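Each reported figure results from applying straightforward, stated rules to the coordinates on display, with no laboratory input. Computed from a prediction, not measured in an experiment: that's the story for all the values here. Note that we place each Cβ from the backbone using ideal geometry, even for glycine, and neighbour counts take in every protein chain shown.
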Amino acid sequence: MISTMFSLLVERRDWFFDLLLQHIGISLVSIVLAALIGLTLGIAIAQWRRGAKPVLALVNFVYTIPSIALFGFLIPVTGIGDLTAVVALTVYALLPMVRNTYTGLTTIEPAIVEAARGMGSTDRQLLYRIELPLAAPVIMSGIRSMATMTIALAGIASFIGAGGLGVAIYRGITTNNLAMTLAGSVLIAALAIAVDLLLGVAEKATRRHMEPKPRRSRARAAFGGILRPQHATLGAAAGTSGHSADSAGAGASVSVSDTALDAADVLLDDGEAGRMPEFQNADAAESRRAIAAALTPRRRGVTVIALVAALAIVVGGAFAFANRGGSGGDTVNIATKPMTEQYILGEMLNTLIEHDTDLNVELTQGVGGGTSNIEPGMEQGDFDLYPEYTGTGWNAVLKHEDTYDESLFDTMQQEYESQLGLTWVGTYGFNNTYGLAVSKDVANRFNLRTYSDLARAAGELTLGAEPDFFDRQDGYPGLQQAYGMSFASTRDMDISLKYQALFEGQVDAIVVSTTDGQVADDRLVVLEDDKGFYPSYLCCNVVRMDTLEKHPELRDELLKLQGTISDVDMARMNNAVETQGQEPKTVADTFLAEKGLI
Amino acid sequence: MENSSAHMRPTGSFDSGDSVASAQDDKGRRFDACARGGSGSSLASCIRDGGGESVAGCHPERSAQRGVEGSRAAPAPASPEPAVVFEHVTKRFGDAIAVDDVDLRIDDGAFVAIIGSSGCGKTTLLKTVNALVMPDEGRVLVHGQATSSADPIELRRNIGYAIQGSVLFPHLTVEQNIAYVPTLLNSGDKDRTEAAVAKWMDIIGLPRDIMDRYPAELSGGQAQRVGIARALAASPDVLLADEPFSAVDAITRASLQDEIKRIHRQTGITVLFVTHDIDEALDLGDKVLVMEAGRAVQFAPPCDILRAPATAFVDRLVTRKRTVYAR
């Protein structure tokens, strides 16, 4: 598994590198925003204490909203994609920022504040020169934990169509590619650790006065310093600061005294250095200072500023990179649901459109939540087209309560065009309808063959399905009405995990799609829909009408795939990805080539 | 024991030779060492002689000026503008009364030691001078201007402030601590600030090589010295010191006391020095203000305090002291 992961990382390094940059972009923009807003809020409530309680309660409350739910709330406001991700991550990161800033500022010893005030500091001077520097260690540790948290949390931003390494994780889960999931996770962890170490250095710098060590150098620090020449050479070789090295050289007398040796020892044992009592040999103290001066940068502040600048550049660069090509009139934004077959269809559309036209395709694969997140994005114009299923359009989008069959297509088409500004173009040919499957054991034990049989035994069984199945009119509520089917318990689970759950006996029945690659597995039995409950789910493209107007050539491309993919074709291709581990793109291109389309 | 030895002790790290010399500060005022150098014996004589002429002998107040004006016999004629005036100042915190109708004037260049048990209001009184506390009744004038009408920031920058344990800013080096007020005033003028820091480090007896240390790296005595240097670095007219030497050992404290006396002589700064230690008060002050439950119960030169305590409280404070000198 590990070696598969590494070969995957090497093989697809460009793709992973892009995802990594996107991840850095999204999370660091969120971190910087949260740091700025959180710092401001924290300072504000430290000054205006009456506001502290409500503000802290609010950020605390926001922090407890499950991330998926927060994404859900934000999508109608900020749409699908990076913006929503940044907003959500920023909102989450506020709590540690505000709380640490507030705590840092309010726990400063009052005598220090009073001393500063009594000496004639203005409020501003008090804040910038005394309070913030003293609160800095607490604030920095807040930034540090917040940054790590944000980088990890950014992994689920792909759920709402944002980029980042979460894309790899989610795709790995959806297409049964564990190595890919692992690779994404490992990269996120590595990024988090790297940032944590980086911020650890900055945090340490803010604590330097608490763990005093000889750090800052001045020419005078070397006066009287008893240094052996090699120390001076060492300092010069380190080359950290020409100025310091010079002064160390100037102070280097040739005395090979014990104190100089002591000083060298002290330098090696850095932790001890600062605690050397002052009444010890002053020469030793001097030389230790001089050596340290030669070996450390002249001013820590410069290092910190350099670090911050470096971060800012990375942030700016990465975000610009992540956003490149997002606009521009000649780009078609295609979304797909987190299903293997949709990944494949997405790649087909990508290849075909870029092969035959001048249009660029921006493919957002596997948007979490499927229809419920993509459809609003379509209406807002975040996406131009996505593959959808007719029955889902009728029940989930248009919210009709009756069962869809293909005789209703014209009605649906007319409602889509008039109500949503969207239209259906190009039917692929396969019908991905729901089916109920049970494990072979359960089928034998309860003698199950049809849905009616299942309804009889349901009271002792557990059903696993995607969360939206339990809400949709064409899902569980419909089944309960049609068959009087009522399971002992139900479990929400992601499309890709339910087969495993079934095989492991965690659930007894699952909802399957007729094109699932894993439907062929002989450990499960698909039951017969004896009352014809399930509607038709023909796969078609839903397209924005204004996109078609702008790019009429797009319609021709979509129609090229009309009726080309059968149920069997789709299940075969799904299987190729899910169990044979092929890339969706490879499978898609192979199919297009077989059909002579490219 | 500790007290009497303090007066005999050599003056510590600085050259004791200049401690008896006349000094002239930057405002051109002339200060004479007067009786302070020999205050120990004078105080003792207060007791032994029971007052009389010797009181004038140990009375250090403005003797140089009075010498010029030729009115030695008249008790303390007011100089045209006292440094600090308390006009019936009262301050309450809730029901508790911290300062109760304090009404007195502190002459320019005086060294006033404020003594009292803890909670007697001496710190609160001190804070009314630099407007950290505003009186509920009455007013405080600093160089003729009421603190209520002054810009508190400007006011504070002209008043040195050294507080209990000399709370240094832990994130700033010795140099940055001392330079704190000068950089508030003239942040652009680096050379001037550096010169001021160097000057005050020398005056206060701090070795230059500790400039880059953080307060956590200093000994107690060094920290107190830095605290004093910080309070004085902007050359204020008035120094408010709130038990600045409370956190150091007796030997270090004695040497710090000597130095602050010397600085007072050298600069002619007006000092208000809060302490709970009667020895320190009698030793340092030209005048001693005794406070009890918020009221100023006696404001007089050390001799008078020893010889004629105004209240039973003052009497209790100085009883032991008197027996020590009587020996």
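Data overview
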read-out: Over region A:2-206, relative contact order from alpha-carbon pairs under 8 Å, at least 6 apart, %; value: 29
read-out: Förster-model FRET efficiency, 25 Å R0, A:Asp471 and A:Leu58, C-beta, rounded to 0.05; value: 0.25
read-out: Gyration tensor verdict on region B:126-213 (Cα atoms; rounded if a/c is under 1.5, prolate if a/b is larger than b/c, oblate otherwise); value: prolate
read-out: Cα centroid separation, region A:127-145 to region A:162-198 (Å); value: 31
read-out: Cα-based shape type of region A:86-197, given that a ≥ b ≥ c are square roots of the gyration tensor eigenvalues and the cut on a/c is 1.5; value: prolate
read-out: Overall form of region A:41-123 per C-alpha gyration tensor (a/c, 1.5; a/b vs b/c); value: prolate
read-out: At R0 = 22 Å, FRET efficiency that the Cβ-Cβ distance of A:Ser418 and A:Asp546 yields, to 0.05; value: 0.95
read-out: Hull volume in cubic angstrom per residue (convex hull over the Cα atoms of region A:2-206); value: 123
read-out: Charge context of A:Thr336, other residues only, Cβ under 14 angstrom, K/R +1, D/E -1; value: -4
read-out: Derived scalar couplings ³J(HN,Hα) [region A:97-109; Karplus, 6.51 cos²θ - 1.76 cosθ + 1.60; whole Hz; x for Gly, Pro]; value: 5, 4, 5, 5, 4, 4, 4, x, 6, 8, 9, 5, 4
read-out: Label-point gap, in nm, between A:Thr4 and A:Gln47 - each point 7 angstrom along Cα→Cβ; value: 5.8
read-out: Residue pairs, from the table B:Lys127/B:Lys199; A:Lys337/A:Lys531; B:Lys261/B:Lys287, whose Cα atoms sit over 22 Å apart; value: B:Lys127/B:Lys199; A:Lys337/A:Lys531
read-out: Cβ-based net charge around A:Asp358, under 13 Å, with every Lys or Arg adding one and every Asp or Glu removing one; value: -4
read-out: Hull volume in cubic angstrom per residue (convex hull over the Cα atoms of region B:182-286); value: 106
